[in-house]
1. For T85, indicate whether it is of a type in the set (S, T, Y) and within 18 Å of the chain's Cα centre (by Cα).
2. Which condition breaks for F11 when tested against (1) out of contact with any Cys (no Cβ under 8 Å at 6 or more places or on another chain); (2) within 15 Å of F98 (Cα to Cα); (3) among the hydrophobic types (A, V, I, L, M, F, W, C); (4) assigned to a strand (DSSP E or B)?
3. Taking only segment 8-51 into account, find how many residues are of a type in the set (V, I, T) and free of Cβ contacts under 8 Å to residues at least 24 places away in the same chain.
4. Where in segment 14-54 are there strands (runs of 3 or more DSSP E), lying wholly inside it, with at least 3 residues that are polar (S, T, N, Q)?
5. Would you call R57 within 17 Å of A84 (Cβ to Cβ) and of a type in the set (K, R)?
Amino acid sequence: MLSDGKYAAWFRTPRGQGTGLVDLVDGRISGRDSFFTYGGSYQVHEQGFTAVLTVKRHTEGNPSVFGPDEVEVNLTGKCSGAMATCSGTAREVPDVRFECTLIYSQEGALPADAKSAVVKLNPDKLPKGLDSRSRSRSRAPFAPG
């Protein structure tokens, strides 16, 4: 099931690819990347979903993966755990197929079975050989002249 939260998005069309950040909350989509903002709505249906996504340029720069700087995209997708995939086309360029992968990235949320290790620092294993001459040489560019 598609969960509310923050997602990293990787998207592509035959014209290019990109990444962004997307928030899905209570059926609403909001997000952005370096050049575009995203908005819209979605509906969840068991393991699948449908969405209407609007994309609008906010900063000059890289070209859109669609061509036009403003589009409305109709999407259908499916969910599998922390990932969702979807595809569709923009009304403005129906011959350009859009594909997207969403990866759940809610801050602080770790799977229950996630393992982490505590690594102790052992100073005896750090590289040796920095004598006073090499240390003073590394500061030399900042010394008055």
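Bear in mind that the values in this text are calculations on the coordinates, not laboratory data. Computed from a predicted structure; not experimentally measured. Note that we place each Cβ from the backbone using ideal geometry, even for glycine, and neighbour counts take in every protein chain shown.
1. yes
2. F11 satisfies every listed condition except (1).
3. So the answer is 3.
4. Once the strands (runs of 3 or more DSSP E) in segment 14-54 are filtered for at least 3 residues that are polar (S, T, N, Q), what remains is 36-45.
5. no
A quick yes/no check of all residues on (1) in contact with a Lys or Arg (Cβ under 6 Å, 6 or more places away or on another chain); (2) more than 16 Å from N62 (Cα to Cα); (3) not β-branched (V, I, T):
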residue: M1; (1), (2), (3): no, yes, yes
residue: K6; (1), (2), (3): no, yes, yes
residue: T13; (1), (2), (3): no, no, no
residue: Q17; (1), (2), (3): no, no, yes
residue: D26; (1), (2), (3): no, yes, yes
residue: F36; (1), (2), (3): yes, no, yes
residue: G40; (1), (2), (3): no, yes, yes
